[in-house]
Amino acid sequence: MRRLLLVLPFALLPLVAAHAHDEHDHAHGSLDPHEHGVASINAVLEGNALELELDSPAMNLVGFEHAASSDADKAKVESVRQQLEQPLTLFGLDKDAGCRESANELKSPLFGKAPTAKAESHGHDGSHEHEHQHSDITAHYKLTCSSPEKLAQIDLAPLFKAFPTTHKINVQLIGPNGQKGMEANASQAAVAF
Ligand SMILES: [Zn+2]
């Protein structure tokens with residue numbers, strides 16, 4: 001099995017960068033594209049090809065968003081990276097569908113050599129304000145399924161279990177039945193095509 005792993009030095013969302021220029025302090029709200037505890041997944045099944053893209057605040061996965069400098073932080077980042085390199089342990093796919101990973105690509109400022117996270121100041125609930133760095137982690141997987149017609153759903157329970165501070169995942173699925181958007185959580189973790 002051939003594996004392709006690219007680690008790019010930074011992947012700031014334009015909206016996050018734009019926030020850094022906001023003159024007003026603001027609380028995390030529904031308009032904020034980066035809400036701790038909330039991640040998003042895009043899944044596209046087309047023919048034999050299954051593509052999965054996970055976009056999460058680094059907070060949900062490693063527990064912090066600053067560039068790792070201490071040995072403990074570096075070890076945590078490395079262990080999360082190794083977990084993310086094994087999509088078949090995070091995404092429950094029907095075994096009969098015969099899906100195999102063909103490539104993956106992980107991106108985050110935390111995986112780069114130089115810190116590129118933008119400092120963003122905001123008040124959380126008005127009681128205090130602080131400087132806080134926000135960083136995302138994006139994982140993009142390509143899989144090939146020998147019997148894609150048997151892939152009825154994706155079970156995200158292993159992902160919620162591996163990263164318990166993830167409370168909600170907004171899922172967009174595109175498959176044989178068209179496009180669907182839904183929310184998954186730890187007690188409702190399976191999403192059907
Ligand atoms: Zn954040």
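Less than 12 Å Cβ to Cβ from Glu149, Lys/Arg counted +1 and Asp/Glu -1: what total charge do the surrounding residues give?
Here the count lands on -1.
Pairs to check: Lys76/Lys142; Lys95/Lys150; Lys150/Lys180; Lys142/Lys168; Lys107/Lys150; Lys74/Lys107. Give those whose C-alpha atoms are more than 20 Å from each other in this structure.
The answer is Lys76/Lys142; Lys142/Lys168; Lys107/Lys150.
For the range 148-193, what is the largest minus smallest coordinate of the Cα atoms on each principal axis, given in angstrom and ordered from greatest to least?
32, 19, 13
How would you rank 58-68, 91-101, highest first, on the average number of other Cβ atoms within 10 Å across their residues?
Taking the mean over residues of other Cβ atoms within 10 Å, the ranking is 58-68, 91-101.
Report the gain in length on full extension from Asp96 to Asp71: 0.36 nm times residue separation, minus Cα-Cα distance, nm rounded to one decimal.
The Asp96-Asp71 span can extend by a further 4.8 nm.
None of the figures in this text is laboratory data; all of them are computed from the coordinates on show. Just so you know, these numbers come straight off a predicted model, no measurement behind them. FYI the Cβ positions are ideal-geometry reconstructions off the backbone, even for glycines, and counts take in every protein chain you see.
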